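Read through the structure below, which is laid out as structure tokens, and then see the notes.
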Amino acid sequence: MANSNTNQLHPLGATTSQTFTTALNHTAASTIAINFRELIKEPKELDEASNYLYQALLDDVVAGIFIETHHLRKTGNLAALDGVGEENLESAFHICEMPNLDIFGISTAKKQMDCTCPNCDRLVAAARFAPHLEKCMGMGRISSRIASRRLATKEGSSASTSSTSTYLQSGGNTGGTDDEDDVDWSSDKRKKKSTQSSRNNGSKKNNGKTF
Amino acid sequence: MTICDTVDQYTIMSGDRLKIKDLLCNRLTECGWRNEVRLLCRNILLEKSANNSVSVDQLISEVTPKARTLVPDAVKKELLMKIRTILAETDEDN
């Protein structure tokens, strides 16, 4: 209020002594108030003003509601609010309470989950896949023991001269990683297939399921 | 300056516009108008969503006249009286 007093007394001095913006604000505010009050004095103007204000506020509210609905629709929540229809409710989400079936109606029996080994191209059960791979690729602890044992017996068998002993040893150690040696030693009695699969089959028979 | 601008400026400045608007929102929600208008908007949106080229402004300008007619008379009268009193009060203060 002190500012407005100085404005009235020293208009020129007031604008120079205060900052320009605050002076402007004060004069603007008072101008608005003055204009408004002059307007209100007329009853017709008052009616028009109040009608206008009512309309403007109502338009704002309607726009707000529309934008809210539009936003709901764009985010997909409008359909979500509606929910599932009553007739769909029963058929789509019926709870299954039969024996041997779980709540979705799927059988609880063990499912056939077989994998194909990339090494030997056989179908192996999923639960047995890791141990099979260990032996197949020769990487686990047990595979390395088999390999070292075979190497030892191979050296032993190369030292001995009788064919029966070699037969027994090679028979005992069916499978192995040395292709040519196996074929040479056991040509007669045991037709040793040089395919990897039979060798691995043999090794599995001897050394499988030791744990 | 036009009447609209003066009224707007003054009521915003004095903080009355906010008060009146809050009152209007409360009354409209109480009387269920808001839910009706929401349903109306939803129906219009679902109808017009077939052709994607309709703008938000167009839809709002469609909804507004219908929404205006839906306002109950009692609310309208109360609000108009309230606005008039508030606007006139400033005159008395002066």
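For chain B, what mean projected area does the convex hull of the alpha carbons give, in nm²?
Mean projected area of the Cα convex hull: 7.9 nm².
Please give the helix B:73-93 orientation as an angle from the longest Cα principal axis of chain B, in degrees from 0 to 90, rounded to the nearest 10.
With rounding to tens, the tilt is 30 degrees.
Neighbouring Cβ atoms within 10 Å as the yardstick, rank A:Y52, B:Y10 fewest first.
Ranked by crowding around the Cβ, least crowded first: A:Y52, B:Y10.
Any chance you could run the full-extension gain for A:C96 through A:F129? It's 0.36 nm times the residue separation minus the Cα-Cα distance, nm to one decimal.
Stretched fully, the A:C96-A:F129 segment lengthens by 8.5 nm.
When only Cα pairs under 8 Å and 6 or more residues apart are kept, what is the percent relative contact order across chain B?
34
With the dipole of segment B:3-93 worked out from charges on the C-beta (+1 for Lys and Arg, -1 for Asp and Glu) around the Cα centre, which of B:T69, B:S49, B:L28 lies farthest toward the positive end?
Sorting the options by dipole projection puts first B:S49.
Would you order B:K66, B:K21 from fewest to most other beta-carbon atoms within 10 Å of each residue's own beta-carbon?
With the fewest neighbours first, B:K66, B:K21 line up as B:K66, B:K21.
Note down the relative contact order for segment A:22-110 as a percent, whole number, built from C-alpha pairs under 8 angstrom at least six residues apart.
Worked out over segment A:22-110, it gives 8 percent.
For a footprinting-style exposure proxy, rank B:V56, A:V124, B:V71, B:V37 by other Cβ within 10 Å, fewest first.
B:V56, A:V124, B:V71, B:V37
In debye, nearest 20: dipole of segment B:3-93 around its Cα centre with unit charges on the Cβ of K, R (+) and D, E (-)?
Dipole about the Cα centre, nearest 20: 520 debye.
All of the numbers you see were taken from the coordinates with simple rules; none came from a lab. From a predicted model like this one, the values you see are computed outputs, not experimental measurements. When we count neighbours, we look across all protein chains shown, and the Cβ atoms used for this are built from the backbone with ideal geometry, even at glycine.
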